[in-house]
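Read the structure below first, then the notes.
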Amino acid sequence: MGLLDADVWTGKLLDGGWRAGAGAERIVVEPATGTELGRVATASPDDVTGAADRAAAAQREWAARPFTERAAILRRAGDLWEAHAEEVQGWIVRESGGITPKAQLETHIAAQECFEAAALASHPTGEILRSEQPRLSFARRRPAGVVGVIAPFNFPLILAIRAVAPALALGNAVVLKPDPRTAVCGGVSIARVFEEAGLPAGLLAMLPGGAEDVGEAVIADPRVRVVAFTGSTRAGRAVGALAAQHLTRAHLELGGNSALIVMGDVDVEQAASIGAFGSFMHQGQICMTTGRHVVDAAIADDYVAALAQHAEKLPVGDPSSGTVALGPIIDAGQRDHVHELVTGTVDGGARLEAGGTYEDLYYRPTVLSGVTRQSPAWAQEVFGPVAPVIPYASEDEAVALAADSEYGLSLGILAGDGLRALELSDRIPSGAVHINDQTVADEATIPFGGWGASGNGSRTGGIQANLDAYTETQWVTAQSRLAQYPF
């Protein structure tokens, strides 16, 4: 039997075991063809309440177990991602609309996240503090308790497992709400891997559902002490506000409109190839997508022409064919949003150099020139395969253009002199900087997060960020005798 055998999960959610959810069943649709892939259960707020109760009970025993047991389960989970990579990749391609290399990246990082989390389980979790009193004084990290994870559709496996794995490794229980549109590759696969790895029942609940009912119930449940949310800035603000009402810590990884600065001393053709990947990878449906191209005026015309040429050559179609570079936009609503921003920008005076058309959910990679700072496709996060270009006359203008955004997630600078580019990056607020590369990058070992409207800082990835995210710091003092007071 395969990891994702439909008999296990069809019409069911994971909560102590596989069972029917209280919500209506949801059809799993392949965006590329409209084909029904299966049916998943959806949860209700009552399901969340029950799962959180069971998770809180299971977490106490889990936290008391030796760290070696937790590490062993995480290592087995990493091995399982590798063993079942091809099966999971098939679901990522068909359910999320990603091409095979994107699916391969997801399973690779999923395995690495589990291996890194296994090492995290044995990491020192305290320090001895100096005290002017005759006592032992130290700080130690304790598991937060129950962690809620709310993950999106675009990279459904990576953006869930990067929170699930470290939270479990550090002694927490997890209630996971995957996006219903990608509930199999972003939810069922995680549940099945940890089930096969030997994770005790109740520690991981997998509850697909909507934002207004299931998502809000996860955030508001008193046993959920930490929420890791990845999604749009609009939704993230709502999550943060609700979490604040319940004094729940919210780690928010939100939208972006990342800039790529192209300096005048680069190879234009190579720079255009880099820029095309940054803007068109996974149809631009990535928070780190290169959303704004800031190009030296001396090479801007040549860069636009080369970028448009790359866009025109990229094949668009069914990703399961293995012959395309871009698959479908996730659904019609998102496709229409992308097209509205493109047409609004062209109506405002910009020139359509490539793309700007679609068939069904397949949107052609699009290049726009003659753009202004007020153009919708420049000023807003598009979340589609769109590359607007603005030239700059000086480095100061390049900095101003790149920094002129409410977002601060990722920044790329292409330059013949990498150190000069690094100095330039110091003037632009961003959670990540990539010199001589585009803006989309991720690894299991790095701290990840954005500034401004892109989130509340690096809250996932890396030892320190994960410790901060999924533990509480406790101060402890101890004396050999009863303390004496003059009262």
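The figures follow:
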| read-out | value |
| --- | --- |
| Residue ranges of strands (runs of 3 or more DSSP E) in region 117-203 with at least 2 members among the basic types (Lys, Arg) | 136-143 |
| Test: ILE261 is open to solvent by 10 Å² or more (accessible area, probe 1.4 Å) and outside any loop (DSSP other than H, G, I, E, B) | no |
| Residues of region 31-87 classified as closer than 27 Å to ALA217 by Cα, assigned to a helix (DSSP H, G or I) and open to solvent by 30 Å² or more (accessible area, probe 1.4 Å), total | 9 |
| Where a residue in region 306-325 is in contact (Cβ under 8 Å) with a residue 24 or more places away in the chain and closer than 24 Å to VAL389 by Cβ and its partner, wherever it lies, is open to solvent by less than 60 Å² (accessible area, probe 1.4 Å) and of a type in the set (Phe, Trp, Tyr), with Cβ under 6 Å and at least six apart | VAL316/TYR362 |
| Residue match in region 269-285 (condition: open to solvent by less than 10 Å² (accessible area, probe 1.4 Å), farther than 22 Å from ASN466 by Cα and not in a helix (DSSP H, G or I)) | yes |
| Matching residues, region 191-219, being free of Cβ contacts under 8 Å to residues at least 40 places away in the same chain and crowded, with 19+ Cβ neighbours inside 10 Å | none |
| Residue within region 89-97 that is in contact with a Gly (Cβ under 6 Å, 6 or more places away or on another chain) and either modelled with pLDDT under 95 or of a type in the set (Gly, Ala, Ser) (or both) present | yes |
| Considering residues of region 95-123 that are within 14 Å of LEU74 (Cα to Cα) and of a type in the set (S, T, N, Q) only, the residue surrounded by the fewest Cβ atoms within 10 Å (Cβ to Cβ) | SER122 |
| Residues within region 224-257 that are in a loop (DSSP other than H, G, I, E, B) and either crowded, with 19+ Cβ neighbours inside 10 Å or at positive phi (or both), tallied | 7 |
| Residue match in region 7-29 (condition: surrounded by fewer than 18 Cβ atoms within 10 Å (Cβ to Cβ) and assigned to a helix (DSSP H, G or I)) | yes |
| Selection count where residues are within 15 Å of GLY278 (Cβ to Cβ) and open to solvent by less than 30 Å² (accessible area, probe 1.4 Å), scope region 379-414 | 14 |
| Hey, ILE463 closer than 30 Å to PRO143 by Cα and either open to solvent by less than 20 Å² (accessible area, probe 1.4 Å) or in contact with a Leu (Cβ under 8 Å, 6 or more places away or on another chain) (or both) or not | yes |
| Cβ-Cβ under 6 Å pairs, at least 6 apart or on other chains, region 101-126 side closer than 23 Å to GLN474 by Cβ and touching a residue at least 40 places away in the same chain (Cβ under 8 Å), far side assigned to a helix (DSSP H, G or I) and among the charged types (D, E, K, R) | ALA121/ARG70 |
| Restricting region 358-378 to residues that are in contact (Cβ under 8 Å) with a residue 40 or more places away in the chain and hydroxyl-bearing (Ser, Thr, Tyr), the residue that is most open to solvent (accessible area, probe 1.4 Å) | TYR362 |
| Which listed residue, of GLY344, GLY355, GLY408, GLY416, is more than 19 Å from VAL262 (Cβ to Cβ) and touching a Gly at 6+ places or on another chain (Cβ under 9 Å) | GLY408 |
| Within region 322-354, tally of residues that are surrounded by 20 or more Cβ atoms within 10 Å (Cβ to Cβ), more than 27 Å from the chain's Cα centre (by Cα) and not in a strand (DSSP E or B) | 2 |
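The values are calculated or read from the model by the stated rules, or taken from the named source; none is laboratory data. No experiment lies behind these values; they were computed from the predicted model shown. Glycine also receives a Cβ, built like all others from the backbone with ideal geometry; neighbour counts cover every protein chain displayed. The protein model used for the area step is the full one, side chains on, heavy atoms only, and it has no ligands, DNA or RNA in it. Shrake-Rupley method; radii C 1.70, N 1.55, O 1.52, S 1.80 Å.
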